[in-house]
Amino acid sequence: MRARMALMYAGIAIEIREISLRDKPAHLLAVSPKATVPVLVLLGGAVLEQSLDIMHWALQQRDIDGWLLADSEQTQQLITENDTSFKQALDRYKYAIRFPEQSMEDYRSQGEAFLAKLEQRLTQTNFLMGEQVSLADIAIFPFIRQFSAVDADWFASTPYVRLKAWLSLLVESELFNSIMGKYPVYSDAPN
C-alpha cells in the first residue's frame, strides 16, 4: 500500500501485477528470489524489493509537496520503530492464534505503546512531522490502519482522538482511494 501510494503521488505509471503468494508466478521468482511483495522492476532492469526503497525511489523522481522535506532523522526513527517493534506486535496481534506465548491483549498492549507515541506527536501537529503529509505519514499509516481493523470496536473506544482523526483523514484521502482498486491475480501460466 505505501509503495503504491508513493508511486501514485509521484505520478509514475506502473503495471500492477497482483500476486498470490500461495501460487507465486515464475516471473516473480526470476526477478526476486525472495518472492515477497512488493517488487518494482525498473525500466533498466534494476529491482527494488522493499516498500520503503520503492517509496524513496519514487519520491526522488518527483516530490511535488515535499514529503522528503521533513526532518529525515526523526522520520527514519519513526519508520524504523513502525517497521520493527510495532509491526511485530501488529502481526502477533492480528494472528495471535499463531503466537500462543502471549494473549491477543498482550500483543495489542505492545502495539499500543506506539499508538500512544503517535497520539502525542499529533497533539502538536496535524501530521506526524508537521502540518502537511510527509514520508512518515504514508509509510506508517497502512500499519495503523491494519492495527485499527483487528478489533474496530476496541480501537473506536480508545482515547487516541488525534490518531483516529489522522487515520480517518488518510483513509478518506483521494490518494489512498486511488490505489485501492482490485486487480486480477497475475499468472504467467499459459492459458
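Per-residue answers, yes or no, for (1) aliphatic (A, V, I, L, M); (2) assigned to a helix (DSSP H, G or I):
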position: Ile97; (1), (2): yes, yes
position: Gln102; (1), (2): no, no
position: Arg108; (1), (2): no, yes
position: Ala116; (1), (2): yes, yes
position: Glu119; (1), (2): no, yes
position: Thr125; (1), (2): no, no
position: Ala139; (1), (2): yes, yes
position: Pro142; (1), (2): no, yes
position: Ala156; (1), (2): yes, yes
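Taking Thr36, is it assigned to a loop (DSSP other than H, G, I, E, B) and either out of contact with any helix residue (DSSP H, G or I) (no Cβ under 7 Å at 6 or more places or on another chain) or under 22 Å from Leu175 (Cβ atoms) (or both)? It is true that Thr36 is assigned to a loop (DSSP other than H, G, I, E, B) and either out of contact with any helix residue (DSSP H, G or I) (no Cβ under 7 Å at 6 or more places or on another chain) or under 22 Å from Leu175 (Cβ atoms) (or both).
For every residue, the table says whether it meets (1) within 20 Å of Ser103 (Cα to Cα); (2) polar (S, T, N, Q).
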{"site": "Ile140", "(1), (2)": "no, no"}
{"site": "Gln146", "(1), (2)": "yes, yes"}
{"site": "Val150", "(1), (2)": "yes, no"}
{"site": "Phe155", "(1), (2)": "yes, no"}
{"site": "Tyr160", "(1), (2)": "no, no"}
{"site": "Lys164", "(1), (2)": "no, no"}
{"site": "Leu167", "(1), (2)": "no, no"}
{"site": "Val171", "(1), (2)": "no, no"}
{"site": "Asn177", "(1), (2)": "no, yes"}
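Could you tell me which residue of region 68-92 is nearest to the chain's Cα centre (by Cα), considering only residues that are surrounded by 14 or more Cβ atoms within 10 Å (Cβ to Cβ) and more than 26 Å from Ala149 (Cβ to Cβ)? My answer is Gln76.
Only one residue in Leu122, Leu115, Leu128, Leu135 is over 18 Å from the mean Cα position of the chain (by Cα), crowded, with 16+ Cβ neighbours inside 10 Å and touching a residue at least 12 places away in the same chain (Cβ under 8 Å), so which one is that?
On the way: Leu115 fails: over 18 Å from the mean Cα position of the chain (by Cα); Leu128 fails: over 18 Å from the mean Cα position of the chain (by Cα); Leu135 fails: over 18 Å from the mean Cα position of the chain (by Cα).
The unique qualifying residue is Leu122.
Of all the numbered requirements in (1) over 27 Å from Leu69 (Cβ atoms); (2) surrounded by 14 or more Cβ atoms within 10 Å (Cβ to Cβ), Ala149 misses one, and that requirement is (2). Every listed requirement among (1) over 30 Å from Leu28 (Cβ atoms); (2) in contact with a helix residue (DSSP H, G or I) (Cβ under 8 Å, 6 or more places away or on another chain) is met by Ser168 save one, (2).
None of the figures in this text is laboratory data; all of them are computed from the coordinates on show. Here the structure is a predicted model, which is why all the values come from computation and not from measurement. Please note: Cβ atoms are built from the backbone with ideal geometry, for glycine as well, and neighbour counts cover all protein chains shown.
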